[in-house]
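The values are calculated or read from the model by the stated rules, or taken from the named source; none is laboratory data. Here the structure is a predicted model, which is why all the values come from computation and not from measurement. Cβ: placed from backbone, ideal geometry, glycine included. Neighbour counts: every protein chain shown. Protein only, heavy atoms only, side chains kept; ligands, DNA and RNA dropped before computing areas. Shrake-Rupley method; radii C 1.70, N 1.55, O 1.52, S 1.80 Å.
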Amino acid sequence: MGLGRFIVRRLALSLLVLAGLSVLIFLIARVVPGDPARQALGPRAPEWAVENLRKEMNLDKPLHVQYYLWVKGLLQGDLGKSLLTRRPVVDDIKEFLPATCEIVVFSALVMAIGGILLGVLSASYPNSWFDNLVRVVAYLGIVTPSFVWAVVFVLIFGYIWPILPVVGRLEMGVEAPPVFTGFLLLDSLIFGKYEAFGDALRHLILPSVALALGGMAQAARITRSSLMENMGRDYALAQVAYGIPWRVILTKYLLKPSLIPTVSVMALDIAALFANAFLVELVFNYPGISGYGIRAMLNKDLNAITGVIMVLGVIFTAVNIIVDLVVAYLDPRVRLLGGSQGG
Amino acid sequence: MESGALVEIRDLAVWYRVYGGLLKVLDGVNLTVASGQRVGIVGETGCGKTTTMKAILRILPRNAVLPRGEVMFQGRKVLGMRGRELQELRGQGVAMIFQDPTAALNPVFTVGQQIMEVIKYARAGGGPRERRLMALSALKEAALPDPERIMENYPFQLSGGMRQRVCIAMALATARTLLIADEPTTNLDVTIQDQVLRLMRRLVQEKGTSLILITHSLGVAREMTDLVYVMYAGTMVEVAPTDELFESPLHPYTVGLLRSIPKLTGGGIAEGVPGRIPNYADPPAGCRFAPRCSRAMAICSERKPEFFDTGGVGHRVACWLFAAGGGAVV
């Protein structure tokens, strides 16, 4: 099976998934009890005002008509107006999504690089003090939710040892670049605001690391165990017998097959980063999409809820396709047979 | 040590540290391979054939202990080798072919990548282009059709027989002094077995490589080797030129082993050797075969027999029955 066909098939499947998601989220948002119009206007608003808002939001029409109108808007890039911010949801997402993406991308990098590195080092010196240390830290990392790390980090770096910023995206007094992509790092590079770039980067460190620790620990454990498993195989022994240095065997011939399970699990972890980002954003007072989404849900802000979830849905499917491509690169059996055949 | 010996193993013991004790697997193995010789090692599964071979290449698992003995390769002590010397031994001296070609090839790298890496560390000289040409010619020598395509194939795209040919090509892509083949055909179809063996015999002959062939098939040993060692439970019990061994086996275990070959001409199920290989955690004190031996004497369970010379040239046997006859020093 060619790579082109592989991608086309995955894209088609993703569209199907997204269509299903749109129906589901649309219905769930409307089935939840409570009148969004009333909630938006408050208990003291007169009945006619509430009625007008309902009309404006098409809430008076039958469900299937509402869905049709919503999808029509969606396809034109219009997600409706937020009841909470009184702005188009698209604008809100444009404002909040890049901030979260920066955290998530950074977290994913920390997770992947840190996890794989620790896994390889552990497997290189099995049952050494280093391996044991990684193991203990990994268990801690897996069982501790990211918001706990976030709180601990704020405590350490905010009070005890203030070397890294613990609030927001930029320090006060640092000149922010004009908003172009919305990604602070990109914008500050584009407009040559290097001070802002450095400052934004420093602000990213703690939230991303707090968010990454769980997945990193997981990745380290999986990388280590699949490396250890593959070390016991004949092909590793054969390569030793052929005089190929252990360093080459480990980092090339054993690492490639061992990364397949790591990458597959990491795909789920990266998706979970968006969910966990909410609490971390809250702790670091970092204005992101996860926080926005939660506020929307608490206030039954219909358009914002569906909008945020659809956008995250698109991101999830994109991440999944990318991960599948990485797995296909690592595992020729997936690439050439269209399915894994174990070991 | 005999001069001119390529491999000389003297009184080698290998134990494995396991939970709750030691498995004393190899108990004083002696083996000599002369340059250009083709030597077979036969014996039941689990008798330590592979462990002995792994000792030659120093690829024993981490839990192995070597309490005594010496392995010499071209007159150099293998067990004391480190760094560069060991790399030379593995990269240029000895190549090993494993029992299961599917397990011996990395599933996520192409055949070409794997062979070229072996050539690279055999220090055969030349750059990537030259390595590629060497790999191609090795595949061609191993009678693989369309080597260009096979270079790009992954192991799972090849049949079992082709995989083993790839392993042979890998082993003999560069000049080697010794080829160790560990039951190279056990996992193959019967029809393929013969082809692969013939290929191996031809290549070894053409290149003048010495061969150690591990097998539990006496038929294969007879066809492929000049000299056969019979191994039982971590010791060599008999050694003789191949024809001599099949015509006049001496050790009761060898005799039983030869009898256990099912004959195509009828006669029903063969007698075999009753009993099993002893428990390595607590092996018999004397001859390890004594508990299964129908001709065991009092001394057999007390003292381990040395190799005794027999009448035949190069025919020696480790059995008390022949201690007096050969007049060997005990």
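General remarks:
- Long-range neighbours under 6 Å by Cβ, at least six apart or interchain, first residue in contact (Cβ under 8 Å) with a residue 24 or more places away in the chain within segment B:71-87, second not in a strand (DSSP E or B): B:Val71/B:Ala55; B:Val71/B:Ile56; B:Val71/B:Val78; B:Val71/B:Leu79; B:Gln87/A:Gly243
- The residue pairs whose first member lies in segment B:144-160 and is more than 14 Å from chain A (Cβ to nearest Cβ), whose second member is open to solvent by 80 Å² or more (accessible area, probe 1.4 Å), and whose beta carbons are closer than 6 Å, counting only pairs six or more residues apart or on different chains, are B:Pro147/B:Lys140.
- Residue in segment A:163-185 that is on the phi > 0 side of the Ramachandran plot, open to solvent by 20 Å² or more (accessible area, probe 1.4 Å) and not in a helix (DSSP H, G or I) present: yes
- When the residues of segment A:302-340 are filtered to those that are surrounded by 18 or more Cβ atoms within 10 Å (Cβ to Cβ) and of a type in the set (S, T, N, Q), the one that is nearest to the other protein chains (Cβ to nearest Cβ) is A:Asn320.
- The residue that is nearest to the other protein chains (Cβ to nearest Cβ), among those in segment B:97-113 that are more than 19 Å from B:Leu57 (Cα to Cα) and either of a type in the set (A, V, I, L, M, F, W, C) or assigned to a helix (DSSP H, G or I) (or both), is B:Val108.
- Just one of (1) more than 30 Å from A:Val327 (Cβ to Cβ); (2) open to solvent by 30 Å² or more (accessible area, probe 1.4 Å) fails for A:Leu53. It is (2).
- Residues located in segment A:65-84, provided they are surrounded by fewer than 19 Cβ atoms within 10 Å (Cβ to Cβ) and of a type in the set (Phe, Trp, Tyr): A:Tyr67, A:Tyr68
- Residue within segment A:15-28 that is farther than 22 Å from A:Ile321 by Cβ and surrounded by fewer than 12 Cβ atoms within 10 Å (Cβ to Cβ) present: no
- Leading residue by the ranking (farthest from A:Ala236 (Cα to Cα)) among those in segment B:114-132 that are within 9 Å of chain A (Cβ to nearest Cβ) and open to solvent by less than 50 Å² (accessible area, probe 1.4 Å): B:Ala122
- Taken over segment A:234-254, the criterion of being in a helix (DSSP H, G or I), more than 7 Å from chain B (Cβ to nearest Cβ) and open to solvent by 30 Å² or more (accessible area, probe 1.4 Å) is satisfied by A:Trp246, A:Arg247, A:Thr251, A:Lys252.
- Neighbours by Cβ (under 9 Å, 6+ apart or cross-chain): first from segment B:106-135, more than 30 Å from A:Glu229 (Cα to Cα); second charged (D, E, K, R): B:Ala124/B:Glu130; B:Ala124/B:Arg131; B:Pro128/B:Lys120; B:Arg131/B:Glu117; B:Arg131/B:Lys120
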